[in-house]
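Have a look at the structure below, then the notes.
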Amino acid sequence: MKTLIVYFSFTGNNEVLAKTIAKDLDGDVLQITEPKKRGMFRIMLDMLFNRFPKIDNQEILWQKYDHVLLMAPIWNYLIAHPMKSFIRKNREQLKDYSFITLCSGRETQKEKITKQLKKLAKYGPKAIIEFEILKLPTYEEQKDSIYKVTQDDLNTFRQEDVYQRLLRSYSAKEEIVQ
Ligand SMILES: Cc1cc2nc3c(=O)[nH]c(=O)nc-3n(C[C@H](O)[C@H](O)[C@H](O)COP(=O)(O)O)c2cc1C
């Protein structure tokens, strides 16, 4: 079982989680990059007009992978736009995939993410997982600034049932052990 972890990250949270998951699963990592520099203003415009920004072309050997984990932040209930572009561009290839986000956490968000994925991709996701900042014990300490996950936070996520299930389902390492 080989897993490809494709991530987009603006402030670094999804990036550190993607790299942690990749290490735990023994998976490969691919970062979605953009030809144009991104700032908060572009995020606002993307949200306002629900745009599909241009992303860099990268060759992917899809046949190498049994499962793809897509990871990106949520912006005002929307999957971060560069990830939307990636999904639309690769919709034929995304047959066995899950969506993971490290986000603040908002009510009814999962249904909204599901709807967006159904519209963008040809097939539905195997799982949607939200790792939520608002539930972290360290949240109060950083509440007044853009929250950056710490090593302690990553360890908290790693102890969650859903994280353990993810490892059991998609780990290349476990396959070797069996
Ligand atoms: C403009 C903006 C809008 C956001 N909207 C949401 C949202 O609707 N739901 C949510 O759970 N988090 C929301 N967040 C929080 C991000 O999802 C969260 O900070 C995430 O960890 C950032 O990921 P990154 O560091 O990988 O870019 C928003 C953040 C920004 C900057």
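In this structure, does PHE99 turn out to be part of a strand (DSSP E or B), buried (at least 18 other Cβ atoms within 10 Å of the Cβ) and in contact (Cβ under 8 Å) with a residue 60 or more places away in the chain?
Numbers: part of a strand (DSSP E or B): yes; buried (at least 18 other Cβ atoms within 10 Å of the Cβ): yes; in contact (Cβ under 8 Å) with a residue 60 or more places away in the chain: no.
No; evaluated as a whole, the condition is false for this residue.
Report, ordered by the first and then the second residue, all pairs with beta carbons closer than 9 Å, sequence separation of six or more or different chains, a first member in the stretch 43-64 that is within 14 Å of the ligand (Cβ to nearest atom), and a second member that is of a type in the set (Lys, Arg) and in a loop (DSSP other than H, G, I, E, B).
From the stretch 43-64, the pairs are LEU45/ARG51; ASP46/ARG38.
Among the residues of the stretch 71-96, count how many are touching a His at 6+ places or on another chain (Cβ under 8 Å) and within 16 Å of the ligand (Cβ to nearest atom).
1
Could you say which residue among ARG42, ARG91 is over 12 Å from the mean Cα position of the chain (by Cα) and in a loop (DSSP other than H, G, I, E, B)? Don't jump to the end; show me each part of the working.
Details: ARG42 fails: in a loop (DSSP other than H, G, I, E, B).
Matching residue, one of ARG42, ARG91: ARG91.
From the list THR20, THR3, exactly one residue is surrounded by 17 or more Cβ atoms within 10 Å (Cβ to Cβ), more than 18 Å from PHE86 (Cβ to Cβ) and of a type outside the set (A, V, I, L, M, F, W, C). Which is it? Steps first, answer last, please.
Values: THR3 fails: more than 18 Å from PHE86 (Cβ to Cβ).
Selected residue: THR20, the only one of THR20, THR3 that is surrounded by 17 or more Cβ atoms within 10 Å (Cβ to Cβ), more than 18 Å from PHE86 (Cβ to Cβ) and of a type outside the set (A, V, I, L, M, F, W, C).
Kindly establish whether VAL68 is away from the ligand (no atom under 14 Å from the Cβ), closer than 21 Å to LYS19 by Cβ and either at pLDDT 95 or above or of a type in the set (Asp, Glu) (or both). Don't jump to the end; show me each part of the working.
Numbers: away from the ligand (no atom under 14 Å from the Cβ): yes; closer than 21 Å to LYS19 by Cβ: yes; either at pLDDT 95 or above or of a type in the set (Asp, Glu) (or both): yes.
Yes: the conditions hold for VAL68.
The values are calculated or read from the model by the stated rules, or taken from the named source; none is laboratory data. Just so it is clear, the model here is predicted, and its values are computed rather than measured. Quick reminder, even Gly has a Cβ in these numbers, built from the backbone with ideal geometry, and neighbours come from all protein chains shown.
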